[in-house]
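Here's the structure we're looking at; comments come further down.
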Amino acid sequence: MEFSKSTRKINKRYKINDCKELLVLEAVLGAYSDGVEFSVLDLILLGDIASQATLHSIMKTLILKKMIKTETCKRDARRKYVLPTKHGLSWLKDKDELLVASQNR
């Protein structure tokens, strides 16, 4: 129960209010940590989370919250990649520290 409450506090501090936002952020961070290029198209095609329009809206919201950013591909200017920002990586670090602390109890 304590872990769940602490997780909600972290999400609230970073203004992650919606479970779909959380799933998209985790997808971006997962690809980043695996060293996989994650394009806007890849994000939009995550149909098991939400519709394409909703995913695009979530991406815009996370950009406004400074959790993720897009960068244009150097090889193909038509392609954009989605990456976590320092703020997004900070959220991941806070979650990681919470997990480690809960395992040490």
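Some points to look at:
- Residue check for residue 13: under 13 Å from residue 88 (Cα atoms), over 13 Å from the mean Cα position of the chain (by Cα), among the charged types (D, E, K, R) and open to solvent by 60 Å² or more (accessible area, probe 1.4 Å): yes
- Scanning region 69-76 turns up at least one residue that is surrounded by fewer than 17 Cβ atoms within 10 Å (Cβ to Cβ), touching an Asp or Glu at 6+ places or on another chain (Cβ under 9 Å) and not in a helix (DSSP H, G or I).
- If you go through region 21-31 and keep only what is surrounded by fewer than 17 Cβ atoms within 10 Å (Cβ to Cβ) and touching a residue at least 24 places away in the same chain (Cβ under 8 Å), you end up with just 23.
- Residues of region 39-53 that turn out to be touching a strand residue (DSSP E or B) at 6+ places or on another chain (Cβ under 8 Å) and either open to solvent by 60 Å² or more (accessible area, probe 1.4 Å) or farther than 12 Å from residue 79 by Cα (or both), as a count: 1
- Selected residue (criterion: farthest from residue 90 (Cα to Cα)) from residues of region 32-64 that are of a type in the set (D, E, K, R) and either without any contact (Cβ under 8 Å) to a residue 12 or more places away in the chain or touching a Cys at 6+ places or on another chain (Cβ under 9 Å) (or both): 48
- Scoring residue 61 on the criteria (1) of a type in the set (Ser, Thr, Tyr); (2) farther than 13 Å from residue 21 by Cα; (3) crowded, with 18+ Cβ neighbours inside 10 Å leaves a single failure, condition (2).
The values are calculated or read from the model by the stated rules, or taken from the named source; none is laboratory data. All values reported here derive from a predicted model rather than from experimental measurement. Cβ sites come from the backbone with ideal geometry, for glycine too, and all protein chains shown count toward neighbours. Quick note on the areas: whole protein, heavy atoms, side chains included, nothing else; ligands and nucleic acids left out. Shrake-Rupley method; radii C 1.70, N 1.55, O 1.52, S 1.80 Å.
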